[in-house]
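Worksheet: the structure to be examined is printed underneath.
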Amino acid sequence: MPTWPIICGHCGQHVSADVVSGWPSNNVGSAPAVTLWLKCPNAECEEGSVKLRDGSVYPSAPAGRTVAGLSDDVAGAWREARIAHNVGAYTAAEMMFRKILMYVAVDKAGSKEGESFESYVNDLEANRYLTPGLKDVVDQVRQRGNGATHELPSSDEKDSLQTMAIVEYLLMSLYELPGLIKPATTP
Ligand SMILES: [Zn+2]
């Protein structure tokens with residue numbers, strides 16, 4: 001089966017997607033100019049995508065990166081925030097990044113849903129999930145999320161990218177890196 005290189009919009013992996021339909025039977029060289037129906041070969045994904053004649057692939061890959069070890073709530077919100085950023089919905093993206101803070105605090109620091117975002121950041125800090133230097137940075141996400149919700153002007157790409165970098169760092173340090181620890185083995 002012919003393949004087409006894409007960054008899968010579902011799993012975020014660089015893959016050689018299987019061309020399920022649309023491959024030109026007579027002329028391989030015309031593949032870039034036709035619409036291709038693709039299937040991701042990643043066994044945990046196997047979702048479909050479409051390459052249009054202009055070369056764009058849908059769904060497009062979200063900005064940022066996939067973070068391993070996330071709970072379902074956090075993974076869903078992280079993906080939604082990245083997609084919002086990808087389509088230029090920067091204010092919506094920043095609101096989602098702030099929501100991720102809530103999920104993380106509820107998940108890791110025993111916060112209750114419906115509390116203030118300030119208390120989420122405080123709970124994360126009190127439970128030693130934030131280093132002293134990181135607290136100010138995470139607090140920035142909360143404040144920027146507040147700005148996106150209540151104030152004008154709306155967030156621009158630079159704001160959203162910066163907030164995404166902060167949240168990505170937080171998710172990596174709280175979810176992905178602990179998953180790399182191998183269980184101790186007895187000699
Ligand atoms: Zn995939």
If the cut-off is a Cα-Cα distance under 22 Å, which lysines reach K108, setting aside same-chain residues fewer than 8 apart in sequence? K99, K135, K182
With +1 assigned to the C-beta of every Lys and Arg and -1 to the C-beta of every Asp and Glu, and no other charges, what is the dipole magnitude of the chain about the Cα centre in debye, to the nearest 20? 400
Ranking of T35, T3 by count of other Cβ atoms within 10 Å, fewest first: T35, T3
Give me the net charge for the shell around V106: Cβ to Cβ below 10 angstrom, other residues only, Lys and Arg +1, Asp and Glu -1. -3
Compute the long axis of helix 117-126 from its Cα atoms, compare it with the longest principal axis of the Cα atoms of the chain, and write down the angle in degrees, 0 to 90, nearest 10. 80
Between the stretch 60-112 and the stretch 2-59, what is the separation of their alpha carbon centroids in Å? 27
Degrees, to the nearest 10: 132-150 long Cα axis against longest axis of the chain: 70
Amide H neighbours of V20 under 5 Å, counting only residues 5+ apart in sequence or on other chains, H built in-plane at 1.01 Å? W37, L38, K39
With n ≥ 4 as the cut-off for DSSP H runs, can you work out [θ] at 222 nm for the chain, using -39500 (n - 2.57) per run divided by the number of residues, rounded to the nearest 500? -14000 deg cm²/dmol
Rounded to one decimal in nm, the spacing of the 7 Å Cα→Cβ label points at V34 and D156 is 4.4
Whole-Hz ³J(HN,Hα) from phi, Karplus 6.51 cos²θ - 1.76 cosθ + 1.60, for the stretch 97-103, glycine and proline x: 4, 5, 4, 4, 4, 5, 4
Determine the relative contact order of the chain: mean sequence separation of Cα pairs under 8 Å and six or more apart, normalised by residue count, in whole percent. 17
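Please compute the volume of the convex hull spanned by the alpha-carbon atoms of the chain and report it per residue in Å³.
Taking the convex hull of the Cα positions in the chain, it is 156 Å³ per residue.
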Mean-square fluctuation maximum in Gaussian network of the chain, Cα pairs under 10 Å, restricted to A77, A68, A89, hits A68
Check S155: other-chain or 5+ apart residues with amide H under 5 Å from its amide H, H built from backbone geometry? T91
V106, V167, V137 arranged by Cβ crowding within 10 Å, fewest neighbours leading: V137, V106, V167
Please list 3J(HN,Hα) in residue order for the stretch 62-78, calculated via the Karplus relation 6.51 cos²θ - 1.76 cosθ + 1.60 where θ = phi - 60°; whole Hz, with x for glycine and proline. x, 5, x, 10, 6, 10, 6, x, 6, 5, 4, 4, 5, 4, x, 5, 5
Expected sort for W4, W37, W78 with the fewest Cβ neighbours (10 Å cutoff) up front is W37, W4, W78
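Read-outs: derived from the displayed coordinates by stated rules, not from any lab. Here the structure is a predicted model, which is why all the values come from computation and not from measurement. Note that each Cβ is placed from the backbone with ideal geometry, even for glycine, and that neighbours are counted across all protein chains shown.
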